[in-house]
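Visitor: Sharing a structure with you now.
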Amino acid sequence: MVLKIFFPQCCNRADSGLLVGQWIPGHGSAVVLAVIHYPFIPGQVKRYIQQVSAATGLDGGLIYLQTVPLVLLHSCQRLDFSTKEEVEEKVIFIHYEQRKVMLSQLHPVENGVPSPKTDAPSELRQMFQTVAHSQPLFFLDKYDDGPLRSTHWQSEGREASIIVELLKQASVPLCLLITWLLSIWTWIWRTCRLHTESLYPLRFLSSKLSTCVQLNYRTEHMTTLSSPTPAIGHTEFMRKANMLVSFLVDVALGMLLISWLYRDNHITMLANTLVPAADHVAKELNELLQWLMGAPAGLKMNRALDQVLGRFFLYHIHLWISYIHLMSPFIEGILWYGGLSACFGLTFALSLLSDMVALLTFHIYCFYVYGARLYCLKIYGLSSLWRLFRGKKWNVLRQRVDSCSYDLDQLFIGTLLFTILLFLLPTTALYYLVFTLLRLVVVFVQGIIHLSVDFINSFPLFAVGLRICRPYRLAEGVKFRVLCDEPGTALHLLMEINPLKCGTVVQTYRSPTYSCYPKDSWAALVKKLFVGELIYPWRHKSTKTD
């Protein structure tokens, strides 16, 4: 049987004494945690070990260190390796850095109480858990006036920072104030939602506006962060830390945007640019419609339908230009007050920008809906009349195509309608194609904005920063390096921590968000475009996704 002893590097040069450690049951391994030096009174050591065991929940064992022979004492058992050959065959010393192992978290993370049906934790995971749960043992340092002296990773003095301690003391009243303000804000938001959900138009509008969705999302974050319940487990702690860092970075970016907007009169410049830009877009659309009403690309269109559709869309453009010029005196004020929303974070400003893009391009959306509905009506009409020629019909109750016999009058009317729809289809399809491309350009711009908001909301900044600054905190596994393998001596290995890959960190700790990705596959979206069904590829879902 091979006995593995995990030995901390900080105890390599320690004087002889009692080794405080923990046996790993079922693996033939022992984890050394600290050395208690001579002189000491056995009764005091026993009481100290009992206190530490009660505080940590670990069953501490004592290991007596002597140069030769090596004697292990645990639960009145004595294992004596008196010869060098036995030591070489049966004992392996694995040296580890105690501070890194105590602060690290081995992945995948196991939260909750393990089920008896599942496999027992591995030897390495139990070793990490033993060191992590032994933190009360490391409070004893050389500055204590007690009768015991010990060596561990904090024996030269507890690791602390005066600045960190002062910040902890100052954060108590600040956290109470923030919690009180958040409770008031949560109450106001829930009251508004209760009144909004009772009215269908307001509920529908709030579900479509990106600003309302982002406000609801941040309110949930603040409610979670202000909860007095401490985080249970590593996963929940990392989730709260990522929320807090994401919120702080979001607010910092928003304040930078505010400082840019309200400096050098940038808002007035944006307002003066917005109206001419809208006029330019309307002018380009007007020229596009004039081109479609002629002979676009040399195509022979149906003159009557072409003129009706062109004048219909030109009238909408005229209404839109009138609306823009009517709102032009208020645009600067809207931008001025809307820019203040960036104090809640850059995501609020981006969500507001997405809503403004949707409002400014509402006429393009109307053109797309009109063209899609007309094109879809003709496509489904042609498919239904094509089934009539083949003696088929669509059974609505059974949701299938059944055989059917038609008389001569029905076939004659069907032939006339099929001919009319078929010859009018190219004109309708051309208008539908042009306005669908314009709609897709707007959807692409809104998609980029929504993806930016999604990235800021869900990206685990704290976990990635921890991985870059202290990679040992997120451990994927360990690797061993041989320190001493001389004949006649025990094998000495050095255990080093393998950090998680950055991609795995992002995938593991990414926060769930209100996703704005397409709910259908690209093949389904192309099919919808072909048959003229309306698509909303970047709308927010009502459920969270990882």
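The values are calculated or read from the model by the stated rules, or taken from the named source; none is laboratory data. What you see is a predicted model, and the numbers here were worked out from it, not measured in a lab. Note that we place each Cβ from the backbone using ideal geometry, even for glycine, and neighbour counts take in every protein chain shown. The protein model used for the area step is the full one, side chains on, heavy atoms only, and it has no ligands, DNA or RNA in it. Shrake-Rupley method; radii C 1.70, N 1.55, O 1.52, S 1.80 Å.
Visitor: So how many Å³ per residue does the convex hull of the Cα atoms of the stretch 299-453 work out to?
Guide: Roughly 172 Å³ of hull volume per residue.
Visitor: Kindly report the accessible area of the stretch 267-329 per residue (heavy atoms of protein chains, probe 1.4 Å, no ligands, DNA or RNA), in Å².
Guide: 62
Visitor: Given Cα pairs under 8 Å that are at least 6 residues apart, what percent is the relative contact order of the stretch 218-351?
Guide: With pairs under 8 Å counted, the relative contact order is 41 percent.
Visitor: Rg (Å, one decimal) plus Dmax (Å, integer) for the alpha carbons of the stretch 280-364?
Guide: Over the stretch 280-364's Cα set, Rg and Dmax evaluate to 17.9, 56 Å.
Visitor: Hey, another quick one. Provide the packing ranking of 123-136, 493-506, 261-274, i.e. peptides ordered by the mean count of other C-beta atoms within 10 Å per residue, highest first.
Guide: Result, highest mean first: 123-136, 493-506, 261-274.
Visitor: Would you tell me the accessible area of Ser122, worked out with a 1.4 angstrom probe on the heavy atoms of the protein chains, in Å² to the nearest 10?
Guide: Counting only protein heavy atoms, Ser122 exposes about 60 Å² to solvent.
Visitor: Long-range amide H contacts for Leu3: which residues qualify at under 5 Å (H placed 1.01 Å from N, peptide plane, sequence gap of 5 or more or a different chain)?
Guide: HN-HN under 5 Å from Leu3: Val91, Ile92.
Visitor: As a check on your grasp of the helix formula, calculate [θ] at 222 nm for the chain: sum -39500 (n - 2.57) over DSSP H runs of n ≥ 4, divide by the residue count, round to the nearest 500.
Guide: My calculation for the chain gives -19500 deg cm²/dmol from helical runs alone.
Visitor: Using protein chains only and a probe of 1.4 angstrom, how many square angstrom of His234 are accessible, to the nearest 10?
Guide: Counting only protein heavy atoms, His234 exposes about 40 Å² to solvent.
Visitor: How much of Tyr431 can a 1.4 Å solvent probe reach, expressed as accessible area in Å² and rounded to 10?
Guide: 0
Visitor: Could you give the DSSP H helices of the chain that reach 30 angstrom or more along their long axis (alpha carbon positions) and whose average Kyte-Doolittle hydropathy is no lower than 1.6?
Guide: 408-458
Visitor: Then there's this: Skipping prolines and chain starts, which residues have an amide H placed within reach, meaning under 5 Å, of the one on Val20, given they are 5 or more residues away or on another chain?
Guide: Distant-sequence amide H within range of Val20: Leu33, Ala34, Val35, Ile36, Ile63.
Visitor: Only bridges whose two residues both fall in the chain count here: according to DSSP, what percent of them are antiparallel, nearest 5?
Guide: Antiparallel bridges make up about 70 percent of those DSSP assigns within the chain.
Visitor: Related question: Using packing as a proxy for protection, rank 407-414, 332-339 so that the peptide with the highest average count of other Cβ atoms within 10 Å comes first.
Guide: 332-339, 407-414
Visitor: Let me have the relative contact order for the chain, percent, based on Cα pairs under 8 Å that are six or more residues apart.
Guide: 16
Visitor: Mind sorting out which of [x] 109, 65, 45; [y] 139, 52, 40; [z] 81, 47, 36 is the real Cα extents along the principal axes in Å computed from the coordinates?
Guide: So the calculated entry is the one marked [x].
Visitor: Can you give me the P(r) profile for the stretch 211-324? Cα pairs, bins 10 angstrom wide beginning at 0, each as a whole percent.
Guide: Histogram of Cα-Cα distances, whole percents per bin: 11, 21, 17, 16, 16, 13, 5, 0.
Visitor: Follow-up question, since we're still on this one. In whole percent, and with a 1.4 Å probe on the protein chains, what portion of the accessible area of the chain is carbon and sulfur?
Guide: With neighbouring chains kept in place, the figure for the chain is 65 percent.
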